1. Filter region A:51-63 down to residues that are touching a residue at least 40 places away in the same chain (Cβ under 8 Å) and part of a loop (DSSP other than H, G, I, E, B) and give me whichever is nearest to residue B:192 (Cα to Cα).
2. How many residues does region A:102-111 contain that are touching a strand residue (DSSP E or B) at 6+ places or on another chain (Cβ under 6 Å) and more than 16 Å from residue B:55 (Cα to Cα)?
3. Evaluate the following for residue B:72: is it in the same structural domain as residue B:117 (by TED's automatic domain parsing) and in contact with a strand residue (DSSP E or B) (Cβ under 7 Å, 6 or more places away or on another chain)?
4. Is it true that some residue in region A:26-37 is in contact (Cβ under 8 Å) with a residue 40 or more places away in the chain, under 15 Å from residue A:70 (Cβ atoms) and surrounded by 24 or more Cβ atoms within 10 Å (Cβ to Cβ)?
5. Take the residues in region A:2-17 that are part of a loop (DSSP other than H, G, I, E, B) and free of Cβ contacts under 8 Å to residues at least 12 places away in the same chain; name whichever of them is surrounded by the fewest Cβ atoms within 10 Å (Cβ to Cβ).
6. From the list B:157, B:178, B:190, pick out the single residue that is modelled with pLDDT under 80 and surrounded by 15 or more Cβ atoms within 10 Å (Cβ to Cβ).
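The values are calculated or read from the model by the stated rules, or taken from the named source; none is laboratory data. Keep in mind that this is a model prediction, so the values were computed, not measured. FYI the Cβ positions are ideal-geometry reconstructions off the backbone, even for glycines, and counts take in every protein chain you see.
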């Protein structure tokens, strides 16, 4: 498939969104949207219908896990990658149980992103 | 604006911007919490989240000292969040948090100035760790565990898919090695079994406990993750599934007749759990409101201030060009009805554009005001004075450039009030005042100006003491009775003037008020002081709404044109013969209503050839700054108009008496007079 994969990035930190976007674009993905919390991610998911969504776990208003549940309820084939930090093992496992297809651990470098997303 | 601005990588730029913003936010929350001796769920989450963000971003930028500190503070607040009713030593906790904020702010400003962020956060991290330990000791271990930890783990699976037929089942054993440094190997292993469970009928793995046990990470790193499963799926499908694992370094996949002994042992004690993947999970976070609050915050973007400066410059040019076109001398005497109509429309639109650009640059003073909370907190603690800071009118807006200039002066004033103004508790009670001292910060609009007022209910200024001191320093030659309060209080604005004999950490070194005055002068503001002994003092700063556009009086001197800011003009008049007198040193003066004013001839100051040298031929413009007044002698007045202030190009080093320049409608340049600069000659 030579279609460019469209990605929605969710993170409350501008810095993280910026970094992740730059790295994903380097891998040849198209970042179609950014959301700063789970609630906005759900709204944007419905409109943009991206191929992949990244969800940060710790966010204000609505966290990543809650957003994952909602996105999955809306579209059970949604491909969600969690952006986590060390120490959030339990939450990541829960996310996997809820249908997240993978996760990335912060801090990440380009190589991490390339690997984590290349097999999608 | 400034040409030597360093161009940073956008990533670093964003990091600095966000870190600074988060620290401000955190500081505000912390002070609020400490003051109320209470920390709500929302505040805890907020602090936790800020620390979490700072940790991740800093780690990615390799600012490890910041990351480590943020991590330890995050741990601290994690503990507080997970334990409902902990006993918190607020003073200790927020001292630590505020020190942490200071450290991070310091490091970020180092980074901002292109220095190495080389500070060590070790001692703070230690403090944080020991505080966490103390808290754990006094409060006991985490009471409210994750729900998921209590639940019996689902280690073995028999899926509905597997129940269908037994004949075609194949047994496989796979050993998975992950790449070094991929982290969370146990969760990755969990992902594998989670993904496999849909196609397998039974599955066993080693290590068994891949989540709860911390050893599992090490074991997987050392021995790999061993899985045995039986499935009806063909081998290719199994291989494809397993090769899709992220960070896979090595995969050994074998088809076997019988599971090896170690896996069989697990089978013996198998407890079968029918997996229901849609089982509703309990979130381990309690506060996640289901609201669709989208859009609102996204309507705000942040823009680099230099872009706004550029925009303003451009709009200034447009305003001038518009005048150059519509008032073009070529058009004089022509009958141009349609042109004039179009020109009027253009003027209307350029005015609107100008207004909007100006309004974009307006920011509320609240941020600057709230910074004072921290100063009041730190100082009142150190000096053992109970102080309340009241903030009024924080939503008042002023130009961004002006905000930057009032922050330091305000800090000085608040410090002064707390240090010199407010009395010790005993003294306050003795003079029938409430125990808690009060400092009020107020901002308000009045016409084209903004007033910023710092008020305290302390001991007030001592008129006599200031006079004596001023006399001692040779600053006055009038008797005390002839001076108004305002005149006397103005002495404290002079360099090196301090009535306080004791120097404290915060103020009293004789620097301060004059620096405040200098800062305020530089933005065209004025200071006035009112005070009543025993009742307190009020210091009002009057500042213009914006630095970018001023009302000016256009004057001519020879062939040149100058603009004098209207705010500093008292009056203008034509001098009569013999009114001008000269003292023994040749300084010219003029008597007006019984007072003598110095005369500054602009053509002399700026070395300009003009025919108008006799005083009766020209015009006197009386100007004043805070304390002084004098007359400027010019050839003639041209008119009053709004001008867009432009900075003098940097290749002109220092032009005393010139505040900037502006371009006139006819394309000529007019220099803007810096009244202070001239009066200080």
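1. My answer is A:51.
2. The total comes to 2.
3. Judged against the criteria, residue B:72 is not a match.
4. no
5. A:2
6. Selected residue: B:157, the only one of B:157, B:178, B:190 that is modelled with pLDDT under 80 and surrounded by 15 or more Cβ atoms within 10 Å (Cβ to Cβ).
Condition check ((1) without any contact (Cβ under 8 Å) to a residue 60 or more places away in the chain; (2) in a helix (DSSP H, G or I)) across all residues:
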| position | (1), (2) |
| --- | --- |
| B:171 | no, no |
| B:174 | no, no |
| B:177 | no, no |
| B:182 | no, no |
| B:187 | yes, yes |
| B:193 | yes, yes |
| B:201 | yes, no |
| B:209 | yes, no |
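Here's the yes/no breakdown for (1) crowded, with 19+ Cβ neighbours inside 10 Å; (2) assigned by TED's automatic domain parsing to the domain that holds residue B:537; (3) modelled with pLDDT of 85 or more:
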site: B:351; (1), (2), (3): no, no, no
site: B:375; (1), (2), (3): no, yes, yes
site: B:393; (1), (2), (3): no, yes, yes
site: B:428; (1), (2), (3): yes, yes, yes
site: B:431; (1), (2), (3): no, yes, yes
